[in-house]
Amino acid sequence: QVHLVESGGGLVQTGGSLRLSCAASGIIFSIFSMGWYRQAPGKQRELVASITGGGSTNYAASVKCRFTISRDNAQDTVYLQMSSLKPEDTAVYYCDAARGVVYWGQGTQVTVSS
């Protein structure tokens, strides 16, 4: 059974930082592309960042230079380091694992106060 468990969300002031973690189990983590998505109230879920098994990364334009995605294949964990946070970054953040099929975590709330 596949589980993706996000952690690290919370309330932070504008300009602050948070690091999200997503621990995976039930998959061969190293061969999956991992991604972080977010969904704000009333909006569609959007891609924030992704990283392939080989370490290639992709970012949404709105977070480039502020967020960094990384992975630790030994720990089966993907991270999202978020800096210079803005109120518009407020959302539920989800991680996914993709390789033909897609698995999702339950999400973690990030709230950035102005």
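Observations, loosely collected:
- All positions within the stretch 4-28 that are closer than 15 Å to residue 105 by Cβ, more than 15 Å from the chain's Cα centre (by Cα) and not in a loop (DSSP other than H, G, I, E, B): 25
- Strands (runs of 3 or more DSSP E) completely within the stretch 47-114 that count 1 or more residues being more than 11 Å from the chain's Cα centre (by Cα), closer than 20 Å to residue 24 by Cα and aromatic (Phe, Trp, Tyr): 101-104
- Selection of the stretch 27-62 for residues being open to solvent by 60 Å² or more (accessible area, probe 1.4 Å) and more than 27 Å from residue 88 (Cβ to Cβ) yields 28, 31, 54.
- Boolean, residue 51 is aliphatic (A, V, I, L, M) and free of Cβ contacts under 8 Å to residues at least 12 places away in the same chain: no
The values are calculated or read from the model by the stated rules, or taken from the named source; none is laboratory data. Small disclaimer: the values here were computed from a predicted structure and weren't measured. Heads up, the Cβs are rebuilt from the backbone with ideal geometry, glycines too, and the neighbour counts pull from every protein chain shown. Only protein heavy atoms, including side chains, enter the accessible area calculation; ligands, DNA and RNA are left aside. Shrake-Rupley method; radii C 1.70, N 1.55, O 1.52, S 1.80 Å.
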